[in-house]
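Below is one structure, written out as structure tokens; the observations come after it.
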Amino acid sequence: MVVSSRFTGFASIFFTALLSISVLSSQQPVLELLEQDSVYQVLDAVNPTIPWRSFFPDDLCSSSPHGVVCDYFAEPTTNGTVLFQAETVHITELNFGYVSDSSPNPPCTPNSAISPLLFTSFKYLRKLFFYGCFTGTPVSFPENVPASFGSSLEELVFIENPSLVGSLGGIIGNFTNLRRLVLIGNGVYGTVPDKVGGLVGLEEVTLSRNKLSGGVSLSLAKLKKLRILDLSQNFFTGNVPEGLGNLSLLLKLDLSYNSFCGKIPESFGFLQSLEFLDLSFNRFGNFGVPLFLGQMSSLRRVFLSGNALGGQLPEIWENLKGILGIGFSGIGLVGTIPSSMGLHLKKLCYLGLDNNSLQGSVPEEFGVLDFLSEINLENNNLSGRVPFSSKFTSKVGAKLKLKGNPDLCIDDELTTNGILGQLKLCRAPDFPIAVLINGVSSSSTLFLSSLLLRFFGVLIVLAG
């Protein structure tokens, strides 16, 4: 009887809890019908071949395609004369374009379009993402985007959309909360507008592989929270503003493959947090490798290839012990390779010094860089013995590039390495055979005679 009553009590508690959960679930807010209909229309514009309403007929905040994300909000409302906080739900992320099996966003078609409702119906939108959606029919942003759009937007990301055309100034709106502006591989043109400097919350500006031109806006120097600035593979010209050196939180700076000219700003030396610097393939002038690099102790990768910098490799490596990659190909270097590079850069994985006019030997210290996986010294005037062991050359393989240095040679043990087969064999050193005269070698006798002649010559000069 006691067991039966206990079971009855447990069952009562269980069903009461189950009923409470059911009631709570039924009270959860649902997406407003107008907002839900806007999502369907945006999905139809992106891919009209999929019957979105049939596949996802229920509340889209309970059952939605991957990439459509909702969140809950507490909004003030009234019930007659009583003011209280009502829980609502709204769309906060829209991600389009299949990325991978782990990110199966709604797929696009070559004729995907942008619905105007995208800019009028989602007051709480935080992230807008399009990947590989606009590849056929040209698509542009609406000319009259409402000022209210984007007030909550934190991330604006368009990647690999070559048919997305429009000026950068026309795309950027009143995005006061924007943290990430990522436009990669699109048809965006024009200059970087000064109003970008007003988006002071920006932490990333990546505008690579577009059709942007003109100079770099000075307003970028106002973005004090910026950690990534990538303007690579565009058509920018002119001098790089010194003001970029004030972006003290910057981790990555990529200005490669443009037409920047003049001198690399000395202010870059103040970027003490910078880990990645790529200025390669521009038109920076004949001012040598910047000495300020030696002050940037956080630097991990630096690329200056394809600029006519000239000069010698400076002795700046002592404070750069964390460097992983150096690309100084084709920058007009002369002189020798300092042995200090091998002495201090113990973590170096990549070194590119090819297509310069470097002379002298390859430093012996390079032969003991354990992490080096690629080294390119091709097409210089280097000479002498290659200091790498057979174990090292086997590890690096085809990424050990030394051709175009006719005076380099290899030892016998490396002749079986096909990669170095184009190099000649080092000659054994010639040691003169000493002839003993009365127990003293002839070479020693000549040396002593030379010293005596110099001594008497000095005496004659003093006597005169």
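The values are calculated or read from the model by the stated rules, or taken from the named source; none is laboratory data. All of these numbers come straight from a predicted model, not from anything done at the bench. Don't worry about glycine lacking a Cβ; one is built from the backbone with ideal geometry, like all the others, and counts go over all protein chains shown. Accessible surface is based on the protein model in full, side chains and every heavy atom, while ligands, DNA and RNA are left aside. Shrake-Rupley method; radii C 1.70, N 1.55, O 1.52, S 1.80 Å.
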Rounded to the nearest whole number, the Stokes-Einstein translational diffusion coefficient of the stretch 132-276 at 20 °C and 1.002 mPa s (Kirkwood radius, C-alpha pairs) in µm²/s is 138
P(r) tail for the stretch 56-178, what percent of Cα pairs lie past 20 Å? 51
Mind listing the long-range amide H neighbours of Val188? Cut-off is under 5 Å, sequence gap 5 or more, other chains count too, H placed in the peptide plane at 1.01 Å from N. Lys211
Using alpha-carbon positions, what is the distance between the centroids of the stretch 233-294 and the stretch 36-80, in Å? 45
Report in % the part of the accessible area of the stretch 190-234 that belongs to carbon and sulfur, leaving out ligands and nucleic acids; probe 1.4 Å. 52
First check a/c for the stretch 264-367, with a ≥ b ≥ c the square roots of the eigenvalues of its C-alpha gyration tensor; if it is under 1.5, answer rounded, and if not, answer prolate when a/b is larger than b/c or oblate otherwise. oblate
Whole-Å distance, taken between Cα centres, linking the stretch 84-116 and the stretch 363-420: 52
Could you tell me the calculated FRET efficiency between Glu75 and Ser383, based on Cβ-Cβ distance and R0 = 56 angstrom, to the nearest 0.05? 0.15
I want to check the label-to-label distance for Ser248 and Leu343. Put each point 7 Å from Cα in the C-beta direction and report it in nm to one decimal. 3.4
Suppose R0 equals 30 Å; then what is the FRET efficiency for Val396 and Ser357 from their Cβ-Cβ distance, rounded to the nearest 0.05? 0.80
Calculated FRET efficiency, Arg53 and Thr137, Cβ-Cβ r, R0 25 Å, to nearest 0.05? 0.55
If you average over every viewing direction, what projected area does the convex hull of the Cα atoms of the stretch 312-386 give, in nm²? 4.2
Would you please report the Å³ per residue occupied by the convex hull of the alpha carbon atoms in the stretch 157-211? 65
Separation of the Leu218 and Val200 label points, Cα + 7 Å toward Cβ, nm: 1.9
Modelling each spin label as a point 7 Å along the Cα-to-Cβ direction, I'd like the Leu33/Ser297 distance in nm, to one decimal. 6.6
Averaging over all projection directions, find the projected area of the Cα convex hull of the stretch 118-212 and quote it in nm² with one decimal place. 5.4
